[in-house]
Each structure stands twice: as structure tokens, then as C-alpha cells.
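The structure appears below as C-alpha cells.
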Amino acid sequence: MRSFDHENIERGTDFMIGQGVYFLHAHRFGHDDLSHAFRLLRWAEPFPGMRVLDVGSGIGSMAAAWKQFMPDLQFSCLNINKYQLDMNPDWCDRILGDMQDMPIKDASFDMAICCFSMGHAEKGAESVIREMARVVRPGGVVFIYDMQPEDEDFSKLAELSYMLYPRDQVEAFAQSAGLWLDVYIEPTDRGSVAEKIPAVTEVFSGLKPAIWRFVRGTSS
């Protein structure tokens, strides 16, 4: 079983911030960070007043950006790394915990999002998806932004201790957790991260963004 590399994550966080990159994602779907976040918000489609859990929240940039567009969203941010978690906005409920075993009661949220974090799970993506499904209410939303390799090589990021999963496997995990697929898209990357950090092009070469929106079934 892979162990979570806290030191590497913290070093990478400092490097990205030092380069002026606050969304710790390899892609950008808009011309800047805020428009990138807005497009993710549109695809996730939260309703006003929703209780949203950001799973593997990084430094809290998603919560901060979405709150600008929808101030009535109620955010909780979960991160296993305290260094990153302490950078999350102080108005959100910060939860120090493992995305594979969340210290959260069943059906506590209307939406759970996991953006560029699922591959860090030591036990695999199935454990994360199962936990996300557990903590959202029936009819609630599970939103995932991750990656798919263009050439079916799912070991591309193994050296970085980040695992990739085939689309059909992600969707099978979701189905077994009681989720049904609402939307799947592979949006175009505008490449602005690579302009600031050229090494991103090499590290993430051949990986396309992948976004899923699932809904938890209402039947028992």
C-alpha cells in the first residue's frame, strides 16, 4: 500500500504558490483561475444554499472561488495534510481527515467534490467514491475532476504516487456505491498553468481532463 507523502505535497504546494498558482490542478478551463473555477462550478451545478464538502481541498481555492459566485454555499474542507488545511479559508469548516475514512456522519452534505485529489488515496479510488457517496444525502451530488490518459497508460503518474483509473472503472465504483452518472465530459485545457510552470507540460503530457457528475440514488 502506498503511503501519503506529506513532505512532497508540502514542498509542491510551496512551489506552486511561489509561481503564482493557487489552484493545484494541472489544467485550466478558463483564461484565469477564477474563470477556471467558474466553469467547474457550472458543471457541478450546486443549488443555492447547498452544504458542500471539498474532499482533498488543497489550500481551499475552490471553496474561496465558488463562494464568490454563490455566497450562500456552505463549505466544509477536508484534507489529510494539516499544512494545506491551515491555508483553507477560516470561514469554512476545516476537517483534518482521510478521504478514505471521513470523520463525517452519513448524509451530512448536499454535494461532495473531489478535484485533482482522488489519485492520492492509498487504498484506491473506490474507497474515496464510496465515502463521498456515504456522506451526501439521497439525491445529493458527487462531483469528480481527475484525468484520463490518451494512450491507456494508467501508470503515467505512478512515480508521483498518484494513481489514474479508467473511466469505466470509476463509473463502476460509483454504481456500486449507489450513484448514477449524470454527466461525463473531457473539457479542453487552455494550458495557462504550463505557461507559468513549463514542467507541467512534461509531467502531465498525454493526460486529458475528465469530469464526472454523479447523483446518489434516492431508493434504499
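The values are calculated or read from the model by the stated rules, or taken from the named source; none is laboratory data. All of these numbers come straight from a predicted model, not from anything done at the bench. Ideal geometry is used to build each Cβ from the backbone, glycine not excepted, and the neighbour counts take in all protein chains shown.
Taking the options Glu152, Glu159, name whichever one is at positive phi, surrounded by fewer than 18 Cβ atoms within 10 Å (Cβ to Cβ), without any contact (Cβ under 8 Å) to a residue 24 or more places away in the chain and not aromatic (Phe, Trp, Tyr).
Matching residue, one of Glu152, Glu159: Glu152.
Conditions (1) modelled with pLDDT of 95 or more; (2) within 24 Å of Ile80 (Cα to Cα), marked per residue:
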{"site": "Ser108", "(1), (2)": "yes, yes"}
{"site": "Cys115", "(1), (2)": "no, yes"}
{"site": "Val141", "(1), (2)": "yes, yes"}
{"site": "Asp146", "(1), (2)": "no, yes"}
{"site": "Pro166", "(1), (2)": "no, no"}
{"site": "Val170", "(1), (2)": "yes, yes"}
{"site": "Leu181", "(1), (2)": "yes, no"}
{"site": "Pro198", "(1), (2)": "no, no"}
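Give the residue, chosen from Phe29, Phe109, Phe75, that is within 15 Å of the chain's Cα centre (by Cα), surrounded by 18 or more Cβ atoms within 10 Å (Cβ to Cβ), of a type in the set (A, V, I, L, M, F, W, C) and farther than 24 Å from Tyr162 by Cβ.
Going through Phe29, Phe109, Phe75 in turn, the sole match is Phe75.
Specify which of the listed residues (Ala121, Ala107, Ala65) is touching a Leu at 6+ places or on another chain (Cβ under 7 Å) and not charged (D, E, K, R).
One residue alone meets the criteria, Ala65.
Give the number of residues within the stretch 133-160 that are among the basic types (Lys, Arg), over 24 Å from Arg216 (Cβ atoms) and not in a loop (DSSP other than H, G, I, E, B).
The qualifying residues number 0.
Condition check ((1) among the acidic types (Asp, Glu); (2) within 28 Å of Ala64 (Cβ to Cβ)) across all residues:
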{"residue": "His120", "(1), (2)": "no, yes"}
{"residue": "Pro138", "(1), (2)": "no, no"}
{"residue": "Val141", "(1), (2)": "no, yes"}
{"residue": "Asp146", "(1), (2)": "yes, yes"}
{"residue": "Glu150", "(1), (2)": "yes, no"}
{"residue": "Trp180", "(1), (2)": "no, no"}
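Return yes when Leu40 is surrounded by 17 or more Cβ atoms within 10 Å (Cβ to Cβ) and not in a strand (DSSP E or B) and no when it is not.
When the stated conditions are applied, Leu40 passes them.
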